[in-house]
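To start, the structure itself, in structure tokens.
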Amino acid sequence: MRRPIPADRLPLLRTDAGLGLSDDEASARRTIFGPNRIAERPPHSGAALARDTARDPMIWFLLLTGLLFMLVGDYRDAAILALAIIPLVGMDFFLHRRAEVSIEALGSVLAASALVVRRGQRITIAAEELVPGDIAIVEAGASFPADGLVLSGKGVEVDESVLTGEANPVGKTGLAAIEDSLGIAEENWVSAGTRLLTGKAFMIVVFTGQDTLYGQIVQTAMAGPTGQTRLQKAVLGLVRILLAGALALCFLLAAVRLWQGFGLLDALISAATLAVAAIPEEFPVVLTFFLAAGVVHLARRRALVRHAMAVENIGRVSIICTDKTGTITEGRLSLSSLLPARGTDENDLLRAASMAAQSGAHDPLDAAIAARAPPLDPSWSLKRLYPFTEGRRHEAAFWTGGEGCGLLVIKGAAEEVIAACDLAPDERQHWLGEIGKASRRAEKVIGCAMQETSPSPPAEEPRGGYKLIGLLGFADPLKPTARDALARAGQYGVKVVMVTGDHPETAAAIARQAGIASDPAIITGEQLEAGLADGAPMPADVFARVSPSQKKEVVAALRQPGAVIAVTGDGVNDVPALREADVGIAMGLKGTRSAREIADIVLLDDNLGTIVDAIAEGRQLFANLKRSFAFLLMIHIPLVLSAAAVPFLGYPLLYLPVHIVWLELLIHPSSILAFASRPTGKPVPAPEPNFFSAPEWIVIAATGALITGAVILAFLGALDLGIGQARAAALICLVSALGALTLLLSQGGKVPAAIAGLAWLSTGLPLTPVAAWLHLNPLPAHLWLLTFGMGTIAAAACLMIKMASNGRYGGRKLDLSRS
């Protein structure tokens, strides 16, 4: 994956391939650039695990309740609760390590050693000792130890799937000379972590350690996003409200139990059990887990997240506002047509265009002209440059010849150059027509003109009086992936708006070729300014003849209620637009540092398809989170209501502390592991402005109420058999509902099936010797089947309610089951 090479690093790449670096050179560069190592997150220490454990209210609940049992002499129950802490801590450790391993695995593909040329000898060194300018030799089957350029090699094919996700081998060729970044093609570049499949490659190291593409991915994933999202703040606010309500309900229940004459111990245990059942600690845990997972998944998609808000917002994007050049098109201009004016030929036109080019600008357009232009007469001398400005949209150069005459040459936007030339009305119309013809061929058209003057350069460039030399047309082909990316964006309901400085006809032709629109609506920069003055939104497919400084205004023009806008940018002038956008996306390959720092997401490959992939990841993340929260609500509603209602009615406690442990061991991992689905390729609808719609809240509340009724009915129905049987019936009913909800709300797969199976299997605990520890008694077979069926059917009613509700409530569909 090709990257621009900073000018200050080019001199470091002049290493003699046969000699390599000296020890002194390598040592000096290692001091500057550091070791070729990706910093790793320290392992999960016991102290860190202890801190996490101390924040878990379930642990405190078990400790305090166990202490109460000890105070009243019930040492068996106290020991059971103490032992119950072990599986809870083990589960926390497993979930923490699962998240960490997925991140740490990113850094596990780098080479441990490297064969290099040093002091004219081939030696093997630790890969972390590599520095920019080192000559490394990579054999088939080995991974490239750093980012760099292939100098020579035969039949070199590379597996880049670790960065691109594409399994097809990619051919690489050697680079004859390293002059500047413009001469480096994709087939010359190799990246750290990719693997050489065939051949033998000699490479020169350009970037090491955290400066490599792989290093950037790993660092972003390990650091995680900063700040809190709106959803995080909303969830924390909800948790505070529920916590306050739970505490009030607990005090009320304790008072009621004392009034009913059950004693202080029963009152305290009742209140503590209800508190733990009601405290929604899973919500922030699940949200944090999924946001962190989103960062890792987006990094694997070559989109580095810098702000947490982006993980939430990327899935909501409805409009992508993107540059044409380098994103939709290749950004590699080739001279495709020449139209010299009367009395001039193609060489005259090329020579004049090269004279107007800004020396050393490394502009692709100027490079294309220089490749075709004939040499200049050495008697001509450049005296002054008049740079391109957004106001004039052309550049000029003043030259003096051997005879003492002066010549002012201009090159720029074709219609601007035509306007500066002395032309008869019919000639002007002719040339404007030629501009339109070339533009409709999707060519970028520039004009060139000149004016003879005195030998002294004018203080200001003349506004008119030029003689037209002709027009030049440049082709900038579509990226091979552009049409597919735009088509996928359309499938997701995302509108792509192209922003370009090109002629409107050129922009329209590119938009048609790319599939943006068959008849694109176009707004020019002038129309944009006028429209903004009116204050009305301006929906368009293309914004043409727009300067970089106007991109912020483009965002304002597209702004409408409900729209979430993503903007791409790479330059300093794009910073205001990136800040204005809901999601600012900077180009990692060609973007400036200022653009990358202000952006929410940085693309590692400058590919429009990567943005669409990121939207898919964001939407899947949101869908997963929504299903997980629905699951938590549907299972917590009956847990809390039954835990409160039964003792309020004067019956013995439904749940004992050890029962809450059982349920916690099922609910906590289910809410995370069962709903961590990945994009399937099937478009996922954009999230609604509200997390749950009104119909979805109805489904959640109705399902929770049905399961609550089933649990209480199971308890009361078995109470005549004894309190141990009644509790067993209620728990079997609730756990069977939990298993059914896991399957119904997930997108299927082995993990949800395994979790549901484990939950259903645990309903057999009352039949085992463990039942005595759980204060449960076995149920008759018919009653076990009845209570199991009650819970499963009550949960399955969730799906039936959803199906019956689809198309109602204003036509809004419910999305709580499989998408």
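The numbers here are math on the coordinates, done by the rules we state, and not lab data. Note that the structure is predicted; figures quoted are calculated from it, not measured. Methodologically, a virtual Cβ is constructed for each residue, glycine included, from the backbone with ideal geometry; neighbour enumeration extends over all protein chains shown.
Structural remarks
- Fewest-first ranking of LEU654, LEU338, using other Cβ atoms within 10 Å as the exposure measure: LEU338, LEU654
- Taking a point 7 Å from the Cα of GLU403 along the Cα-to-Cβ direction, the residues of the range 454-493 with backbone N closer than 14 Å to it are 454-455.
- Backbone HN-Hα couplings from phi across the range 393-404 [Karplus 6.51/-1.76/1.60, Hz, Gly and Pro as x]: 6, 7, 10, 9, 9, 10, 10, 10, x, x, 8, x
- Contour minus Cα-Cα distance for GLN560 and ASP426 (0.36 nm per residue): 43.9 nm
- Sequentially through the range 492-503, phi angles give Karplus couplings (6.51, -1.76, 1.60; θ = phi - 60°) of 7, x, 9, 8, 9, 10, 9, 10, 8, x, 6, 4 Hz, Gly and Pro residues having no value and appearing as x.
- Ordered by the count of other Cβ atoms within 10 Å of each Cβ, fewest first, CYS733, CYS250 give CYS250, CYS733.
- Extension gain for ALA705 to GLU526 (0.36 nm times residue separation, less C-alpha to C-alpha distance): 58.4 nm.
- Amide H contacts of GLY20 (H built 1.01 Å from N, under 5 Å, at least 5 apart or other chain): GLY120
- Taking 0.36 nm per residue of sequence separation and removing the Cα-Cα distance, the LEU382/SER337 pair yields an extension gain of 13.5 nm.
- Near THR329, the amide H atoms lying under 5 Å from its own belong to LYS479; only residues 5 or more places off or on other chains count, and H is placed 1.01 Å from N.
- Efficiency of FRET between ILE137 and ARG9 - r from beta-carbon atoms, R0 25 angstrom, step 0.05: 0.70
- Label point distance in nm, LEU716-ALA754, each placed 7 Å from Cα along Cα→Cβ: 4.1
- Divide the volume of the convex hull around the Cα atoms of the range 490-558 by the residue count and you get 83 Å³ per residue.
- Put simply, the amide H of ARG306, placed in the peptide plane, has neighbours under 5 Å in ILE601, VAL602, leaving out anything fewer than 5 places away on its chain.
- LEU242-LEU258 pseudo-label distance in nm [points 7 Å out on the Cα-to-Cβ vector]: 2.8
- The range 558-564 - phi-based ³J(HN,Hα) in whole Hz, Karplus 6.51/-1.76/1.60, Gly and Pro as x: 7, 5, 8, x, x, 7, 10
- If R0 is 45 Å, the Cβ-Cβ spacing of ALA367 and LYS682 corresponds to a FRET efficiency of close to 0.55.
- Projecting label points 7 angstrom from Cα along Cα→Cβ for PHE648 and ARG579 puts them 5.3 nm apart.
- Listed pairs LYS411/LYS551; LYS154/LYS444; LYS154/LYS411; LYS324/LYS750 exceeding 32 Å between Cα atoms: LYS154/LYS444; LYS154/LYS411; LYS324/LYS750
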